[in-house]
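The values are calculated or read from the model by the stated rules, or taken from the named source; none is laboratory data. Because the structure is a prediction, the values reported are computed rather than measured. Glycine also receives a Cβ, built like all others from the backbone with ideal geometry; neighbour counts cover every protein chain displayed.
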Amino acid sequence: MQLRPSRLSLLAIATLAVFTVWITWRAKALESGLEGGDETAALLHKPAPEFNLTSLDGSSVSLAEFRGKKKVVITYWASWCGPCRLEMPTLRAFYNRMHKEDSKFEFLAISIDDDRDPAERYAAQSKLPFPVLLDSAQTASAAYGVNAIPATFVVDENGTVIYAHTGLEPAMEIVLARELGIKNYKPAMGVPNADAGH
């Protein structure tokens, strides 16, 4: 006697097959994007694209307001992004340790979340000390060639991109200290990573 698979079993197998094809295609697309070169790196040593975005507190923030005054660390992220949740505590800890009222740098965390609420909730839960800007239309991220997150840029006082990186950077503190000109920087040991599980 031969057993015939149920309709539910056939549906589950078909769904699994479709998902397998899709995930393989997506992985290949990401891999070819990485092999083909990071679009963000194309901005190195070039003028940073201007943007004017609304922050969570309702104020308008533009890159131009820092020109001639401060370096700017720009990080593109989203509340649903796992690697972003791993990196954000490092950025927060670095900023809390190194940023003073008269610092020659500022951080701008640009959320590409479709809706304001998840970004606002994450920023509040994580106690992000730097401005969080909303780019739900993804105009700024498109101008920067961001096709994966987290993506981090450092723009110097003249408005030139001096650092660009896509993906989680395990040595982010050291990179930031170097790019921001902080001498004799010693990374914090045991930076809590509580945000990763939210």
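Structure summary
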| quantity | calculated |
| --- | --- |
| Failed condition for I149, given (1) at pLDDT 95 or above; (2) touching a Phe, Trp or Tyr at 6+ places or on another chain (Cβ under 8 Å); (3) of a type outside the set (G, A, S) | (1) |
| Evaluation of A142 against (1) more than 18 Å from S79 (Cβ to Cβ); (2) outside any loop (DSSP other than H, G, I, E, B); (3) in contact with a Leu (Cβ under 7 Å, 6 or more places away or on another chain) (one fails), failing number | (3) |
| The stretch 66-83, residues that are touching a strand residue (DSSP E or B) at 6+ places or on another chain (Cβ under 9 Å) and free of Cβ contacts under 8 Å to residues at least 60 places away in the same chain | S79 |
| Among residues of the stretch 39-85, those that are part of a helix (DSSP H, G or I) and charged (D, E, K, R), counted | 3 |
| Count - residues of the stretch 152-198 that are modelled with pLDDT of 90 or more and outside any loop (DSSP other than H, G, I, E, B) | 19 |
| Residue tally, condition without any contact (Cβ under 8 Å) to a residue 60 or more places away in the chain and either of a type in the set (F, W, Y) or under 16 Å from R85 (Cβ atoms) (or both), over the stretch 111-158 | 9 |
| Condition met for A119 (more than 25 Å from K70 (Cβ to Cβ) and either modelled with pLDDT under 95 or crowded, with 22+ Cβ neighbours inside 10 Å (or both)) | no |
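Residues checked against (1) outside the structural domain of E173 (by TED's automatic domain parsing); (2) among the aliphatic types (A, V, I, L, M); (3) under 15 Å from the mean Cα position of the chain (by Cα):
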| site | (1), (2), (3) |
| --- | --- |
| Y76 | no, no, yes |
| E106 | no, no, no |
| S136 | no, no, yes |
| V146 | no, yes, yes |
